[in-house]
Amino acid sequence: MRIAIIGGVLLLVGAVAAVFGVLPLEAVADLAGRVVPILVFVVAVTIVAELADEAGLFRVIAERLAGIARGRALLLWLLVLVLATASTVFLSLDTTAVLLTPVVVALAAHARISPIPFALTTVWIANTGSLLLPVSNLTNLLAAEHLGLHPLQFAAITAAPALVAVVVTAAVLFATRPRQLLARFEPETATPPDDRVLFRTAAITLAALVPLLVSGIEVWIPACAAAAVLVVAFAVRRPAALRGSLVPWQLVVFASGLFLAVEALHAAHATDMLAAIAGTGEGPLELLRLAGVGAASANLVNNLPAYLALEPFADDPVRLVALLIGVNAGAIITPWGSLATLLWHQRLVSMGVEISWPRFMLLGLLAAPLVVVSATLALSFSA
């Protein structure tokens, strides 16, 4: 509810700016044309992910992974790492934070091993693993739309830093929890899905959706089609699951408020000072500078407004990806660095898992610079 209140206040600020002429109505119309399809995608893919989870898809996948691990926590963690990365890349970081977190925490509890490494894996990978495709992160969607890039063109630029970011994140995670990850456990018997028809429908729908998200079709179209298929299936088989909370209205209000408020700041030239901080050029040092500014800004105010404020100064694909590295992969220090981290923490609290924010931030201070620097250098050398 807090993020909806913040978003409402920001919407009011933007509306006042428009009324007094600070923000031209033409700019508001252009902004709406740019972000409405993105917000429609966010709503649709959230509904898809929530209903797939309701059908038991994520739980069954996690239980299968536990069986494959054969009692080895390290192998189970590596499989969770792959699952978290795939979930983030194709279904967005918020899906990983909201839906995968309780699955892997419950999986760790069933295996009688510490849930902390698995919880940290989901939230860190949700952020650092969100570089590869436009659909992986709301900031990526904005960047791809800004440059007019096909998803595969986008992936061609981001592939090297995306891979490095995940590998370095995994290395830091293992280095901080070696004893827990080298433990053994007794896997429990997997439980079948409650409704096999819904389970198969969700599995087939997601399998069809993933390639369509990188096909070049505007992503909101296949996402809406997938959401419609699952809504119809649940209306027939389990109508009680179709509740208003499936729609992430708080996120939509929050994002809309940020978009409008930052656009008003741009119109008032209040962000012009950032040009001197962001710098220019595509050399390694220049890209590191931009990525560092992006990471610092994301941890100060949140990654979405940080991206929006700095986007005008990342004027080509390579610089824009450097900015994405900073605001995506670097936003793992403060709890408010990304919305995904806040959503992740809410899920942990609801499951009775305690996370020390000071320790979380200390670990983030260790991991974020390593991930951002290594991913940015990978971008520089591959560009």
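Which order, highest average first, do 158-171, 127-140 follow once you tally other Cβ atoms within 10 Å for each residue and take the mean per peptide? Before the final figure, lay out each step's value.
Working: 158-171: 22.8, 127-140: 28.4.
Put in order of decreasing packing, that is 127-140, 158-171.
For the chain, what does the accessible surface come to per residue with a 1.4 Å probe? Please give it in Å².
42
Note the angle between two axes, namely the Cα long axis of helix 25-54 and the longest principal axis of the Cα atoms of the chain, as a number of degrees from 0 to 90, rounded to the nearest 10.
In the chain, helix 25-54 runs at an angle near 0 degrees to the longest axis.
Go through V293, L91, S356 and say which Cα lies farthest out towards the positive end of the charge dipole of the chain; charges sit on Cβ, +1 for Lys and Arg, -1 for Asp and Glu.
Highest projection toward the positive end goes to S356.
For F174, F254, what's the largest-to-smallest order of accessible area, 1.4 Å probe?
Solvent-accessible surface, decreasing: F174, F254.
Going toward the positive end of the dipole of the range 1-71, with +1 on Lys and Arg Cβ and -1 on Asp and Glu Cβ, which of L57, L31, V19 do you reach last?
About the Cα centre, the residue reaching furthest to the positive side is L57.
Would you please put 194-207, 362-375, 298-311 in order of how densely packed they are, using the mean number of other Cβ atoms within 10 angstrom per residue and starting with the highest?
Taking the mean over residues of other Cβ atoms within 10 Å, the ranking is 298-311, 362-375, 194-207.
Students often get this wrong, so try it: which of [x] 128; [y] 178; [z] 164 is volume of the Cα convex hull per residue in Å³ as calculated from the structure shown?
[x]
D for the range 133-210, whole µm²/s, Stokes-Einstein with Kirkwood Rh over alpha-carbon pairs at 37 °C and 0.692 mPa s: what number?
197
Which percent of the Cα-Cα distances in the range 183-229 go past 14 Å?
When all Cα pairs of the range 183-229 are counted, 62 percent exceed 14 Å.
For the chain, which whole-number percentage of the solvent-accessible area (1.4 Å probe, protein heavy atoms only) is attributable to carbon and sulfur atoms?
In the chain, the share of accessible area belonging to carbon and sulfur is 70 percent.
Could you tell me the largest-minus-smallest coordinate of the C-alpha atoms of the range 40-156 on each of the three principal axes, in descending order and whole angstroms?
Here the Cα extents, ordered largest to smallest, are 47, 27, 21 Å.
The values are calculated or read from the model by the stated rules, or taken from the named source; none is laboratory data. The model shown is predicted, which means the values in this text are computed figures rather than measured ones. Quick reminder, even Gly has a Cβ in these numbers, built from the backbone with ideal geometry, and neighbours come from all protein chains shown. When the accessible area is computed, the model is the full protein with side chains, heavy atoms only, and any ligands, DNA or RNA have been set aside. Shrake-Rupley method; radii C 1.70, N 1.55, O 1.52, S 1.80 Å.
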